[in-house]
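The values are calculated or read from the model by the stated rules, or taken from the named source; none is laboratory data. As the structure is a computational prediction, the values presented were derived from the model and not from experiment. Cβ atoms come from the backbone with ideal geometry, glycine included; neighbour counts cover every protein chain shown.
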Amino acid sequence: MSNLKAKEYRRFEDIKYIRKDGSEYWSARELADILDYSQWRNFEKVIDRAMIACENSGHEVTYDFADLSKIVEAGATRKSIKDYELTRYACYLIVQNGDPRKEVIALGQTYFAIQTYRQEIADHFNQLDEDRRRLGLWRH
């Protein structure tokens, strides 16, 4: 069982993108696949609930759920489909609002909770380092 969890956990890392500025994001379409949502319309309902939670928590929905459209091949034609660039926080809200009967949802909840905690700790230490430099307490 632990091998399955490690494999599933890695799947979330494998679909993470890093921008030039170092910020992370995930594609909602790719996350839907990882979370075993075969139909976009069902996953959009989860996204909508996550957006409500985001807004109610005082976060900027358009930042955490950045609208994106992609051009995909559909047979002989091309069409535009909706997607989102999701922050870690948006992904966390999505897995919190996902189908709790799916094991991968529980794994996603754990993954995004742990990664969010790790980032908070890293941010805290970066702030301490910045404060030390500013106060002249930095040692080489």
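Consider Val46 carefully, then state whether it is of a type in the set (Val, Ile, Thr), surrounded by 15 or more Cβ atoms within 10 Å (Cβ to Cβ), in contact with a Gly (Cβ under 6 Å, 6 or more places away or on another chain) and under 27 Å from Asp123 (Cα atoms). Taking the combined requirement at face value, the residue does not satisfy it.
Quick one: would you say Asp14 is modelled with pLDDT of 95 or more, surrounded by fewer than 13 Cβ atoms within 10 Å (Cβ to Cβ) and either out of contact with any strand residue (DSSP E or B) (no Cβ under 8 Å at 6 or more places or on another chain) or not polar (S, T, N, Q) (or both)? Taking the combined requirement at face value, the residue does not satisfy it. Residues in region 108-133 that are surrounded by 12 or more Cβ atoms within 10 Å (Cβ to Cβ) and under 30 Å from Asp33 (Cβ atoms): Gly108, Gln109, Thr110, Tyr111, Phe112, Ala113, Gln115, Thr116, Gln119. Of the listed requirements (1) in contact with a strand residue (DSSP E or B) (Cβ under 8 Å, 6 or more places away or on another chain); (2) of a type in the set (Val, Ile, Thr); (3) farther than 20 Å from Lys16 by Cα, Ile47 misses just one: (3).
Results for (1) under 27 Å from Lys7 (Cβ atoms); (2) free of Cβ contacts under 8 Å to residues at least 40 places away in the same chain, shown as yes or no for each residue.
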position	(1), (2)
Asp33	yes, yes
Ser38	yes, yes
Arg41	no, yes
Asp48	no, yes
Glu60	no, yes
Tyr63	no, yes
Leu107	yes, no
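For Asp123, state whether it is assigned to a helix (DSSP H, G or I), acidic (Asp, Glu) and more than 21 Å from Lys16 (Cβ to Cβ). For Asp123, the condition - assigned to a helix (DSSP H, G or I), acidic (Asp, Glu) and more than 21 Å from Lys16 (Cβ to Cβ) - is not met. If you go through region 86-107 and keep only what is surrounded by fewer than 19 Cβ atoms within 10 Å (Cβ to Cβ) and assigned to a loop (DSSP other than H, G, I, E, B), you end up with Asn97, Asp99, Pro100, Arg101, Lys102. Every condition in (1) surrounded by 11 or more Cβ atoms within 10 Å (Cβ to Cβ); (2) hydrophobic (A, V, I, L, M, F, W, C); (3) more than 19 Å from Ser38 (Cα to Cα) is met by Ala76 except one, and the failing one is (1). When each of Glu73, Glu30 is tested for being at pLDDT below 95 and farther than 22 Å from Glu120 by Cβ, the lone residue that passes is Glu73.
Before we move on, is Ile105 under 17 Å from Gln39 (Cα atoms) and either of a type in the set (Val, Ile, Thr) or in contact with a Gly (Cβ under 8 Å, 6 or more places away or on another chain) (or both)? Considered against the rule, which asks whether it is under 17 Å from Gln39 (Cα atoms) and either of a type in the set (Val, Ile, Thr) or in contact with a Gly (Cβ under 8 Å, 6 or more places away or on another chain) (or both), Ile105 comes out as yes.
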